[in-house]
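Taking it in order: structure first as structure tokens, then the write-up.
The values are calculated or read from the model by the stated rules, or taken from the named source; none is laboratory data. Not measured: the values here are computed from a predicted model. Methodologically, a virtual Cβ is constructed for each residue, glycine included, from the backbone with ideal geometry; neighbour enumeration extends over all protein chains shown.
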Amino acid sequence: MTAQPATIDRTEALRRARVLNVLTIGWNFIEGVVAVVAGVVAGSVSLVGFGLDSGIEVSAALVLAWRLRQDHAGECSQDADRRAQRLIAISFAALATYVGYESVMSLVNEERPDVAVVGIVLAALSLLVMPVLARAKARLAPVLGSRAAQAEATQTDVCAWLSGALLIGLGAHAAFGWWWADPVAALVIAGIAAWMASVTWRADSLEDTCC
């Protein structure tokens with residue numbers, strides 16, 4: 001992880017973190033609604049799963065906003081940080097369970113989704129936006145001394161990976177008619193979410209967390 005320049009103090013880091021938090025909530029809310037609606041219309045389990053991940057990203061951002069308020073109040077944030085971290089981990093696990101089940105059922109039942117042009121465009125845009133947000137958040141986490149902030153930044157980074165998987169799945173279906181590429185992409189999304197649930201749950205607090 002790239003160290004934040006020494007000129008950025010904790011107060012400025014908190015201000016920037018809040019701005020990024022608002023941007024994350026706004027982007028993912030729109031992304032989630034569009035993805036879920038488009039996924040339901042097209043019968044695409046990967047697109048619905050991606051939309052649900054966006055919803056979880058909004059939840060994680062709201063959890064982090066609560067954690068940052070604890071910090072702003074001047075209270076010891078270690079316990080709050082740990083609770084926020086665990087809630088983010090649980091959100092990953094919930095996503096993995098649901099999308100994994102739906103993917104397997106789609107493969108077993110040979111459910112053939114329609115081509116989702118909206119989903120392809122959305123995935124491509126997300127692949128451009130998410131890495132930028134993730135890097136900006138990750139640079140602030142060491143200054144804040146927050147594992148929750150780091151976990152939420154990682155979740156944003158994972159959203160970029162999921163965008164890539166979604167783009168490949170939807171693109172393969174649109175270009176070659178490979179209907180199974182959609183649920184396979186969804187299984188990739190579920191696998192990444194399960195891995196992140198485990199990593200986030202077991203992570204230790206940053207050494208410079210207060211108290």
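Here are some notes:
A quick yes/no check of all residues on (1) under 27 Å from Arg67 (Cβ atoms); (2) of a type in the set (Val, Ile, Thr):
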{"site": "Glu111", "(1), (2)": "no, no"}
{"site": "Val117", "(1), (2)": "no, yes"}
{"site": "Ser126", "(1), (2)": "yes, no"}
{"site": "Val132", "(1), (2)": "yes, yes"}
{"site": "Ala141", "(1), (2)": "yes, no"}
{"site": "Thr156", "(1), (2)": "yes, yes"}
{"site": "Ala160", "(1), (2)": "yes, no"}
{"site": "Gly171", "(1), (2)": "no, no"}
{"site": "Ala175", "(1), (2)": "no, no"}
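- Residue that is buried (at least 21 other Cβ atoms within 10 Å of the Cβ) and within 30 Å of Arg86 (Cβ to Cβ), where the choices are Ala136, Ala153, Ala116: Ala153
- For the stretch 35-66, the set of residues classified as modelled with pLDDT under 80 and crowded, with 24+ Cβ neighbours inside 10 Å consists of Ala60, Leu64, listed by residue number.
- Qualifying residue in the stretch 150-164 (condition: in a helix (DSSP H, G or I), farther than 25 Å from Leu62 by Cβ and aliphatic (A, V, I, L, M)): no
- Taken over the stretch 152-188, the criterion of being of a type outside the set (A, V, I, L, M, F, W, C), farther than 11 Å from Ile120 by Cα and modelled with pLDDT of 90 or more is satisfied by Gly177, Asp182, Pro183.
- Set side by side, the residues Ala172, Ala123 differ, and just one is in a helix (DSSP H, G or I), touching a helix residue (DSSP H, G or I) at 6+ places or on another chain (Cβ under 6 Å), within 24 Å of Val40 (Cα to Cα) and free of Cβ contacts under 8 Å to residues at least 24 places away in the same chain, which is Ala172.
- Condition check for Val99: buried (at least 23 other Cβ atoms within 10 Å of the Cβ) and either at pLDDT 90 or above or in a helix (DSSP H, G or I) (or both): yes
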